[in-house]
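The values are calculated or read from the model by the stated rules, or taken from the named source; none is laboratory data. Since the structure is predicted, the reported quantities are computational estimates derived from the model, not experimental observations. So basically every Cβ, Gly included, is an ideal-geometry build from the backbone, and we count neighbours across all protein chains shown. Heavy atoms of the whole protein, side chains included, go into the accessibility calculation; ligands, DNA and RNA do not. Shrake-Rupley method; radii C 1.70, N 1.55, O 1.52, S 1.80 Å.
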Amino acid sequence: MADGTSVPIDVIAPGQVRARRNTMQRFAQRRSTTGFFLCLPLILLIAAFVIYPAFYAIYLSMLNKKMTAFVGLGNFQFLLKRHTFQLVIFQSCLFAVTSVVLKAVIGFILAHLMHNIPGKNQRIWRGLLLVPWVIPLALSTLTWWWMFDPSYSAFNWVLNQFGIDNVPWLGVGWTARFCTIAVNVWYGTPFFMIMYLAALKSVPEQLYEAAAIDGANTIQKLFFVTLPMMRNIIAITVLFSLIVTFADFDIVRILTAGGPQDMTHVFATYAFQIGIQSGDIPLGAADSLFMFPILAFAAFFVLRGVTRRTKEIAA
């Protein structure tokens with residue numbers, strides 16, 4: 001007060017307490033607050049198992065082999081100068097892009113076939129086509145390895161029945177690359193099929209009826225009705241599959257272990273070879289981090305396109 005006397009605390013405290021209580025109640029009643037607390041366990045798990053390991057990998061990539069000295073970007077410069085790593089970059093991009101494109105195209109075709117099968121039969125075929133995706137990848141890849149085996153190959157046995165000599169499926173560079181891509185396509189196509197089938201079922205039939213009234217044929221309906229309505233789900237599915245395929249380890253490791261002559265190595269298998277088997281963990285961490293700028297570039301453009309199309313639909 002102006003005369004130097006203090007205001008009793010119990011005179012103003014109750015009002016402040018009520019104001020704070022009302023503020024906290026309004027904060028707790030917000031839907032965003034509820035959503036945040038519901039997502040908090042997942043956020044903590046991501047921080048523990050994704051964010052922390054990512055930053056720790058960046059830290060490791062800037063150390064020397066003995067992890068006793070800071071070398072900055074020296075590991076990255078060393079990798080870029082190696083012919084083997086340049087081959088790994090090419091092979092990783094070839095493996096991921098080719099596999100994703102084939103999975104998207106074949107999955108789209110299968111989704112259309114499933115969409116046109118009526119009732120109970122569709123459920124049966126859908127379940128059968130999901131089997132490759134349900135089987136553990138390591139187990140199914142071992143089966144493919146046996147089928148490609150030079151001595152006991154089932155494919156070579158079939159070729160021999162037609163008088164064709166044995167094919168060294170996993171012993172020649174480009175043939176081995178084809179085999180790894182084929183196995184990845186076989187495994188991942190059901191995921192695309194089920195995603196595209198769900199998207200097809202959400203396309204209103206009235207759009208097809210209106211297009212038919214305007215004289216559109218089947219191809220025109222596909223390009224002017226189906227694809228525009230599925231663009232966002234196609235983009236998100238392709239991006240997700242690209243991320244998973246770039247990080248693929250099981251298929252290449254089991255089928256070829258990076259051979260022959262390092263011609264089938266991808267980022268994950270090469271990082272395992274130099275980081276774990278050769279004992280150079282910082283160099284392996286640097287190898288694995290090369291995936292990040294490639295995937296970040298792809299994610300930026302894909303998500304920007306999805307956001308722009310969503311805003312156009314909302315407007």
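Maximal additional length on extending the Y59-K221 stretch stands at 53.1 nm, based on 0.36 nm per residue less the C-alpha distance.
K311 contributes an accessible area of around 140 Å² to the protein surface, as traced by a 1.4 Å probe with all chains present. Assuming charge only on the beta carbon of Lys and Arg (+1) and of Asp and Glu (-1), the dipole of the chain about its Cα centre is about 860 debye to the nearest 20.
Estimated from helices alone, the mean residue ellipticity of the chain at 222 nm is -23000 deg cm²/dmol (sum of -39500 (n - 2.57) over DSSP H runs with n ≥ 4, per residue). Counting only residues at least eight positions apart within a chain, or on another chain, the lysines with an alpha carbon under 19 Å from that of K201 are K120, K221.
Along the Cα-to-Cβ line of I117, 7 Å from the Cα, sits a label point; which residues in segment 193-213 have backbone N less than 19 Å from it? What the label zone holds, given the 19 Å backbone N cut-off, is 193-202. Couplings for segment 225-241, taken from phi via the Karplus curve 6.51 cos²θ - 1.76 cosθ + 1.60 with θ = phi - 60°, read 10, 5, 5, x, 6, 9, 4, 5, 5, 5, 5, 5, 5, 5, 5, 4, 5 Hz in order; Gly and Pro are left as x.
Residues whose amide H comes within less than 5 Å of that of L63, counting only those at least five positions distant or on another chain, are V71 (H built at 1.01 Å from N in the peptide plane).
Here r is the Cβ-Cβ distance between I51 and I135 and R0 is 22 Å; the resulting FRET efficiency, rounded to 0.05, is 0.10.
Ranking of I51, I219, I234 by solvent-accessible surface, largest first: I219, I51, I234 (1.4 Å probe, protein heavy atoms only, all chains present). Keeping the other protein chains in place, figure out the carbon and sulfur percent of the accessible area of the chain, with a 1.4 Å probe. Percent of accessible area from carbon and sulfur atoms in the chain: 70. Computed from the coordinates I sent, Rg and Dmax of the Cα atoms in Å equals one of [x] 19.3, 58; [y] 19.7, 64; [z] 27.8, 113. Tell me the label. Matching the structure shown: [z].
Within the full protein context, the accessible area of H83 is estimated at about 130 Å² for a probe radius of 1.4 Å. On the basis of the beta-carbon distance and an R0 of 41 Å, L159 and A198 show a calculated FRET efficiency of 0.55. When nucleic acids and ligands are ignored and a 1.4 Å probe is applied, L242 ends up with an accessible area of around 30 Å².
Close amide H pairs (under 5 Å, H built 1.01 Å from N) link D149 with A154, residues at least 5 positions away or on another chain.
Give, in nm to one decimal, the length gained when the segment between R309 and V105 is fully stretched (0.36 nm per residue of separation minus the Cα-Cα distance).
Taking R309 through V105 to full extension adds about 71.3 nm, to one decimal.
Take the chain with all the other protein chains still there, run a 1.4 Å probe, and you get 62 Å² of accessible area per residue.
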